[in-house]
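The values are calculated or read from the model by the stated rules, or taken from the named source; none is laboratory data. For clarity, every value in this text was computed on a predicted model and none was experimentally measured. All Cβ positions, even for glycine, are placed from backbone atoms using ideal geometry, and neighbour counts span all protein chains on display. In case anyone asks, the SASA skips ligands and DNA or RNA and just uses the protein heavy atoms, side chains included. Shrake-Rupley method; radii C 1.70, N 1.55, O 1.52, S 1.80 Å.
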Amino acid sequence: KTKYSKLIFRKSDTVPEELHQMVQESFLTLREHNCFFQDLVRIKGKDFLTPVSRILIGNPGCTYKYLNTRLFTVPWPTEGYDIKYCSPQIHDACKALMRLNDYLHIEAIKALRGQNLFETKEIKATSVIDREQSFATSVTEQGSVLKDQSSVCVPEDDRSLKNRTSYNLTLLNYMDPLQMLYLKQEPYFGMGNMAVSWHHDENLVERSTVAVYNYSCEDSAVQESHEQELKGRDPAVWHVGLKVAWDIETPGLAVPLHQGDIYLMLDDLNMTHQHCVLAGLSPRFSSTHRVADSSRGTLEYIFGQCELALQNLQTDSDSMALSLKSLEAAVVKQAEEIHNELEFEWLRQFWFQGKRYLKCTDWWLKPMAKLEEFWRKLEIMTSLVLSEVRKEQQIEEQRSETISCFLLLLKERQKLRKEWTAR
């Protein structure tokens with residue numbers, strides 16, 4: 001009750017049947033169209049293919065980064081956007097997942113309100129007991145009650161709840177464990193085969209809820225195993241594992257996941273705990289809805305950054321020659337940092353893996369062409385800085401300051417280009 005109170009579980013019969021049907025059909029459609037891909041991720045300088053195949057669906061222009069890999073959303077049908085899908089079935093699949101997203105948003109708000117109400121009652125009940133005891137005892141008792149709660153309950157307004165449950169994307173996962181030659185064993189509690197190792201979800205808005213819809217394609221093999229007497233978890237059934245972060249003394253939790261079940265990780269649970277996915281025997285899909293931190297991960301953001309850098313570029317009205325307005329170290333540094341961010345966080349990431357999504361839609365091609373145009377202008381700006389600092393009429397102090405910060409960023413660019421070429 002205290003260690004795992006922020007994990008909320010909903011059985012499949014609490015979800016509207018029509019929604020189940022739409023969502024489960026969308027999973028199968030995306031698999032039929034070969035829209036699930038293993039990601040090449042980078043851990044401690046080495047590349048690994050994920051055992052799970054994935055696709056990111058969400059708000060147009062949104063991205064999600066994990067393990068040094070940026071995924072680009074296949075946009076769901078959003079009003080005001082011209083999105084062409086490769087087939088009507090893919091459009092319908094994205095629309096169904098958008099419907100699921102809206103449903104889970106409402107469920108998460110309800111769950112958080114319930115949690116806040118419960119914690120408020122708990123704290124009130126504790127303070128009544130405490131008042132009946134001596135002051136010294138009351139301090140000790142209250143400390144022990146609050147110690148097990150991840151955070152003290154603070155009444156929240158609706159805006160805060162909505163911000164932390166307004167999912168901007170879903171990361172879909174698919175895996176058939178029988179196709180995997182090797183799966184890691186869960187190392188701490190003997191929970192069996194892991195499809196996804198212990199982790200925190202990355203790149204999320206602080207204290208935002210993660211909502212997961214599970215669709216394990218259960219068959220007769222799974223049913224048979226239910227009839228046997230089993231100790232511990234049933235290895236035929238998929239489970240979500242949960243443990244307190246950096247704590248192997250507190251028992252871990254393994255919750256069985258059946259077709260259409262939903263679970264919510266509320267508030268700061270994703271930070272205070274780690275979770276893993278324990279493989280069953282049948283193929284399994286999941287839709288994991290997140291409030292991705294979009295402060296640096298949207299098209300709107302990177303377009304804004306590029307336009308900021310290009311403010312230092314001017315064109316002569318007569319000769320049409322390009323030149324820089326300023327050679328101040330801070331201005332040059334800002335433009336070159338944006339240059340690096342554009343090339344390595346967006347262009348190379350997209351062409352490295354993002355073009356796979358052309359199987360679903362070509363929506364990203366236009367914005368990528370625009371970003372490439374920005375990159376070409378930033379390359380011109382770099383060469384203009386080089387030619388300007390070679391001129392001897394520059395003030396020596398300003399010149400050396402500009403060169404030192406400029407060289408640092410050029411070296412970084414060279415190093416990253418070599419890394420990406422090797423990949």
If you check every pair at least six apart or on different chains, which have Cβ atoms under 8 Å apart with a residue in the range 307-330 that is assigned by the TED database to the domain that holds Thr382 first and a residue that is of a type in the set (A, V, I, L, M, F, W, C) and exposed (fewer than 11 other Cβ atoms within 10 Å of the Cβ) second?
Thr315/Ala321
With at pLDDT 85 or above, open to solvent by 60 Å² or more (accessible area, probe 1.4 Å), charged (D, E, K, R) and closer than 22 Å to Tyr263 by Cα as the only criterion, which of Glu186, Glu249, Glu202 stands out?
Glu202
Could you count how many residues in the range 336-378 are farther than 17 Å from Asp39 by Cβ and without any contact (Cβ under 8 Å) to a residue 24 or more places away in the chain?
6
Quick check: is even one residue across the range 175-182 modelled with pLDDT of 90 or more, touching a helix residue (DSSP H, G or I) at 6+ places or on another chain (Cβ under 9 Å), among the aliphatic types (A, V, I, L, M) and surrounded by 16 or more Cβ atoms within 10 Å (Cβ to Cβ)?
no
Selection status of Asp92, under 29 Å from Ala254 (Cβ atoms) and of a type in the set (Asp, Glu)
no
Meets criteria (among the aliphatic types (A, V, I, L, M) and modelled with pLDDT under 95) for Leu342:
no
Does any residue of the range 229-240 turn out to be assigned to a strand (DSSP E or B) and closer than 17 Å to Leu7 by Cα?
yes
From the list Ala369, Ala321, Ala422, Ala335, which one is within 23 Å of Gly297 (Cα to Cα) and exposed (fewer than 11 other Cβ atoms within 10 Å of the Cβ)?
Ala369
On the given criteria, is Met191 part of a helix (DSSP H, G or I) and either within 26 Å of the chain's Cα centre (by Cα) or at pLDDT 95 or above (or both)?
no
Can you name the residue in the range 1-57 that is open to solvent by 60 Å² or more (accessible area, probe 1.4 Å) and aromatic (Phe, Trp, Tyr) and, of all such residues, is nearest to Ala195 (Cα to Cα)?
Phe48
